[in-house]
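The structure appears below as structure tokens.
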Amino acid sequence: MSHIAFMCELLKSSLLPGQILYYCMERLLNSTPNKPPAEEDVEAVCLILSRVGKTLDSAENEQRMDAQIGHMTALAALASTPPTIKTMIRSTIQLRANNWRQHRHQHSHSHHKQKTATREKKKTE
């Protein structure tokens, strides 16, 4: 997944065009009725969208983004899709519905976990 994170950082720095990431997502989600995409491929798409979805979701790419989200929605509806992947997909879809902003609760929870970890580290020193 580190290569996906690196590509997202390149996009943020304007060193990689968004079309490349759309191509990657399309390839990662490419499946047939008998062969759904691999779990790690779906996870990679969710990672891309969570990191740079707002940048990719522009007026000129609305149809491409709609297609990606539609494909992910269909995957989440399949009985064969593992629950963890379904949750990841639903979280990504919800992120888009919230204009690519994390829920306040999610942010405060992760912030609280960081504070707690920092306090515990200081106690052990």
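Take region 55-94 and flag every residue that is of a type in the set (A, V, I, L, M, F, W, C) and either open to solvent by 40 Å² or more (accessible area, probe 1.4 Å) or touching a Ser or Thr at 6+ places or on another chain (Cβ under 6 Å) (or both). Of everything in region 55-94, those that are of a type in the set (A, V, I, L, M, F, W, C) and either open to solvent by 40 Å² or more (accessible area, probe 1.4 Å) or touching a Ser or Thr at 6+ places or on another chain (Cβ under 6 Å) (or both) turn out to be A59, A67, A74, L75, A77, L78, A79, M88, I93. Does L56 satisfy the condition of being over 24 Å from F6 (Cα atoms) and hydrophobic (A, V, I, L, M, F, W, C)? For L56, the condition - over 24 Å from F6 (Cα atoms) and hydrophobic (A, V, I, L, M, F, W, C) - is not met. Within region 1-48, if we keep just the residues that are part of a loop (DSSP other than H, G, I, E, B) and of a type in the set (S, T, N, Q), the residue that is most open to solvent (accessible area, probe 1.4 Å) turns out to be N34.
The values are calculated or read from the model by the stated rules, or taken from the named source; none is laboratory data. This structure is a prediction, so every number in the text was calculated from the model and none was measured. In this analysis, Cβ positions are derived from the backbone assuming ideal geometry, glycine residues included, and neighbour counts consider all displayed protein chains. Quick note on the areas: whole protein, heavy atoms, side chains included, nothing else; ligands and nucleic acids left out. Shrake-Rupley method; radii C 1.70, N 1.55, O 1.52, S 1.80 Å.
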